[in-house]
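Novice: Shown below is the structure under consideration.
The values are calculated or read from the model by the stated rules, or taken from the named source; none is laboratory data. Just so we're clear, the structure is a prediction, and the values are computed from it rather than from any experiment. Because the Cβ atoms are built from the backbone with ideal geometry, glycine has one as well, and the counts that use them run over all protein chains shown. Only protein heavy atoms, including side chains, enter the accessible area calculation; ligands, DNA and RNA are left aside. Shrake-Rupley method; radii C 1.70, N 1.55, O 1.52, S 1.80 Å.
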Amino acid sequence: MRPFLSHPFDDDKLKEECGVFGVIGVTDAANFVALGMHALQHRGQEAGGIVAYDPETGFNNARRFGYVRDNFTKADVMATLPGSLAIGHVRYSTAGSKGATAIRDVQPFFGEFSMGGCAIAHNGNITNATQLRKDLIERGSIFQSSSDSECIIHLMARSIQKNIPERMKDALRAVEGAFSVIAMTRTKLIGVRDSLGVRPLVLGKIGDEGYALSSETCGLDIIGAEFVREIEPGEMVVISRGKVESSRPFGPSKSRFCIFEHVYFSRPDSILGGRSVYETRRQIGVELAKESPVEADLVCPVPDSGTPAAIGFSQQSGIPYAMGIIRNQYMGRTFIEPTEQIRNMGVRLKLNVNRALIRGKRVILVDDSVVRGTTSIKIREMILEAGAAEVHFRIASPPTAWPCFYGVDTPEREKLLAATMSEDEIRDWIGVDSLKFISLDGLYRAAGEAEGRNKTCPQYCDACFSGEYPVAPSDQIAKGFAMKAAE
């Protein structure tokens, strides 16, 4: 039986998408990939997989449920993945079986073509996957998984191009939505981003001839790779030993990078668009303190994602920063089959109030987001039970009122609190003395856009806040999903 994920009782966070990592030109490439996957574990804790190529044994793969540390640190597993070229993927299901993953859904996926094999790992979501899958099945394709990513392999198989990079270009031109893809052949490592650059992908250098591709720069740091640059929106890079070739198969387009990467998904020690994720989150707290000041005694983060914003709020407001809530770092695998009594303890399994600090204080709690509001209520109850005089929530993102279709597992719109309630109604429903979200313009300013959000041509994808989708989610429109008209 698979263990529960790291936060099994918390349904009040958007779930990370996936993480991809690949290396070429190093001895025992799979070991480097395992380290990179470990650094990207925050992007997906459900399962992971590695494909490696060795001239003597060919393509080899290992796919496992659970954490990288529990699977890809074992000598017997890594011995089955020889070679100087490998790619890996950490998964949280955003399409297909969603939480009931079968091993056949775990990436990377592999296909054998007339010119040789190819493995791919995909971060993002294909928004026309339902129609693509239907068309491919009608034309004879046999799918092995429920993942939208498998469509790419089948589209490549049907291309008439003479080499794998060209077949991949053909396949991805038929795909809508968001994708950062890493692929490998027998001799090449390939990286490509969709034309809007919604999901991240970076290039690193290892020694004289080795290269790495990673969802985030923290993956490069762990293997000692030198950050070279980001893969540009709409760019494909084909890397052989010591050589990087670049092309732009999807034409020019203005970037719409996911702004929630800055708010929550990416690790705070990563660099996005030349900007420190930690500094952006700290600056969000500064903007929050300017927009929504309140008299209080302590600023406390909801660990861990609220910490940088709480630091910024404290610095701007002059109100002392304090660890009013302590996180249990070891609850992830403690309860394999929790009883109903344990399950009802909910958030207490991972968070506990620092009672001696909180008692009698007016407390500002800084969290990264409110999705359903269930965890916020439990935290408010815990803080008041500990003797707090007042509880004020400050949220480091605008109200999440629209689902994401680009690689994030979001509840249906009617289950999003901000889709049906105003800010004041959310405050009353949670039961706190005050509650304020950062404005959309404030978030943009924190991300380095001094003039705020460009309403006619937004600098980021912010559809989860604004309802303005840069790529129409075809599958959802076919199901009757109502989109907000772009202003």
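Novice: Suppose R0 equals 35 Å; then what is the FRET efficiency for Arg173 and Met483 from their Cβ-Cβ distance, rounded to the nearest 0.05?
Specialist: Efficiency, from the Cβ-Cβ distance: 0.90.
Novice: Next question. Per the Debye formula with a single identical scatterer at each Cα and no solvent contribution, what log10 I(q)/I(0) holds for the range 423-487 at q = 0.29 Å⁻¹?
Specialist: Rounded to two decimals, the profile gives -1.15.
Novice: What FRET efficiency comes out for the pair Ser114/Thr27, r = Cβ-Cβ distance, R0 = 22 Å, nearest 0.05?
Specialist: Efficiency for this residue pair is about 0.15.
Novice: I would also like to ask the following. Could you compute the FRET efficiency for Arg275 and Arg413, with r as their C-beta to C-beta distance and R0 at 45 Å, rounded to 0.05?
Specialist: Efficiency computed from Cβ-Cβ geometry: 0.90.
Novice: Give me the extension gain from Glu451 to Met323: residue separation times 0.36 nm, minus the current Cα-Cα distance, reported in nm with one decimal.
Specialist: Details: separation 128, 0.36 × 128 = 46.08 nm, distance 3.33 nm.
Full extension from Glu451 to Met323 adds 42.7 nm.
Novice: Also, quick follow-up: Using unit Cβ charges (K, R positive; D, E negative) and no other charged atoms, how large, in debye to the nearest 20, is the dipole of the chain about its Cα centre? Write down the numbers at each step before the final one.
Specialist: Numbers: 57 positive and 60 negative charges, 102 e Å.
Once rounded to the nearest 20, the dipole reads 500 debye.
Novice: So, one more: Please name whichever of Val202, Ile231, Leu35 sits farthest to the positive end of the charge dipole of the chain, dipole taken about the Cα centre and charges placed at Cβ: Lys and Arg +1, Asp and Glu -1.
Specialist: Positive-most Cα among the choices belongs to Leu35.
Novice: Then there is this: Using the heavy atoms of the protein chains and a 1.4 angstrom probe, tell me the accessible area per residue for the range 409-487 in square angstrom. All intermediate terms of the calculation are to be shown ahead of the outcome.
Specialist: On the way: 3820 Å² over 79 residues.
Value for the range 409-487: 48 Å² per residue.
Novice: Based on alpha-carbon positions alone, could you give the equivalent ellipsoid semi-axes of the range 191-329 from the gyration tensor, as √(5λ), descending, whole Å? Please list the in-between numbers first.
Specialist: Numbers: eigenvalues 270, 62, 21 Å².
Result for the range 191-329: semi-axes of 37, 18, 10 Å.
Novice: Would you mind checking the pairs Lys162/Lys188; Lys188/Lys254; Lys378/Lys436 and listing those with alpha carbons more than 24 angstrom apart? Please list the in-between numbers first.
Specialist: Details: Lys162/Lys188 15 Å; Lys188/Lys254 28 Å; Lys378/Lys436 18 Å.
Beyond 24 Å: Lys188/Lys254.
Novice: Around Gly452, which amide H atoms from residues at least 5 apart in sequence, or from another chain, sit under 5 Å from its own amide H, with H modelled in the peptide plane?
Specialist: So Gly452 has HN proximity to Arg445.
Novice: Taking 20 °C and 1.002 mPa s as the conditions, I'd like the Stokes-Einstein D for the range 54-166 in µm²/s, using the Kirkwood hydrodynamic radius from alpha carbon pairs.
Specialist: Numbers: Rh = 15.5 Å.
Translational D for this selection: 138 µm²/s.
Novice: Does the range 122-214 classify as rounded, prolate or oblate by the C-alpha gyration tensor (a ≥ b ≥ c root eigenvalues; a/c under 1.5 gives rounded; else a/b over b/c gives prolate, otherwise oblate)?
Specialist: On the way: a/c = 2.35, a/b = 1.60, b/c = 1.47.
Cα axes put the range 122-214 in the prolate bin.
Novice: Across the range 376-385, in residue order, what do the Karplus-derived ³J(HN,Hα) couplings come to in whole Hz, using 6.51 cos²θ - 1.76 cosθ + 1.60 with θ = phi - 60° and x for Gly and Pro?
Specialist: Result, rounded to whole Hz: 4, 5, 5, 5, 4, 4, 5, 5, 5, 4.
Novice: Follow-up question, since we're still on this one. Please report the carbon-and-sulfur percent of the accessible area for the range 179-283; probe 1.4 Å, protein heavy atoms only, DNA, RNA and ligands left out.
Specialist: On the way: 1690 of 3650 Å².
Answer for the range 179-283: carbon and sulfur cover 46 percent of the accessible area.
Novice: Got a number for carbon plus sulfur as a percent of the range 15-134's accessible area, 1.4 Å probe?
Specialist: Heavy-atom surface of the range 15-134 belonging to carbon and sulfur, 1.4 Å probe: 51 percent.
Novice: Using only alpha carbon positions, build the gyration tensor of the range 248-305, then give the equivalent ellipsoid semi-axes as the square roots of 5 times its eigenvalues, largest first, whole angstrom. Kindly include the intermediate steps, with their values, before the conclusion.
Specialist: Details: eigenvalues 191, 36, 16 Å².
Taking √(5λ) for each Cα gyration eigenvalue gives 31, 13, 9 Å.
Novice: Starting from the Cα of Ala102, move 7 Å in the Cα-to-Cβ direction to define the label point; list residues of the range 49-74 whose amide nitrogen is under 20 Å from there.
Specialist: 49-50, 61-66
Novice: Distance in nm between label sites at Ala389 and Glu56, each 7 Å beyond Cα in the beta-carbon direction?
Specialist: The modelled label-to-label distance comes out at 7.3 nm.
Novice: Over the range 33-184, average the accessible area per residue using a 1.4 Å probe and give it in Å², no decimals.
Specialist: 37 Å²
Novice: Residue separation times 0.36 nm, minus the C-alpha to C-alpha distance between Ser253 and Gln476: what's the value?
Specialist: Details: separation 223, 0.36 × 223 = 80.28 nm, distance 2.36 nm.
My answer for the length gained is 77.9 nm.
Novice: What value, in deg cm²/dmol to 500, does the helix sum -39500 (n - 2.57) over DSSP H runs of n ≥ 4 give at 222 nm once divided by the residues of the chain?
Specialist: Details: 17 runs with 129 residues, N = 487.
About -7000 deg cm²/dmol.
Novice: Report, in cubic angstrom per residue, the convex hull volume of the C-alpha atoms of the range 348-471. All intermediate terms of the calculation are to be shown ahead of the outcome.
Specialist: Numbers: hull volume 15.7 nm³, N = 124.
Convex hull volume per residue, Cα atoms: 127 Å³.
Novice: Classify the range 206-284 from the C-alpha gyration tensor, please: rounded if a/c falls under 1.5, else prolate or oblate depending on whether a/b exceeds b/c. Spell out each step's value before the answer.
Specialist: Working: a/c = 3.17, a/b = 1.29, b/c = 2.46.
Cα axes put the range 206-284 in the oblate bin.
Novice: Can you give the Rg/Rh ratio of the chain, where Rg is from the C-alpha atoms and Rh is the Kirkwood radius?
Specialist: Numbers: Rg = 22.6 Å, Rh = 23.2 Å.
My calculation of the ratio gives 0.98.
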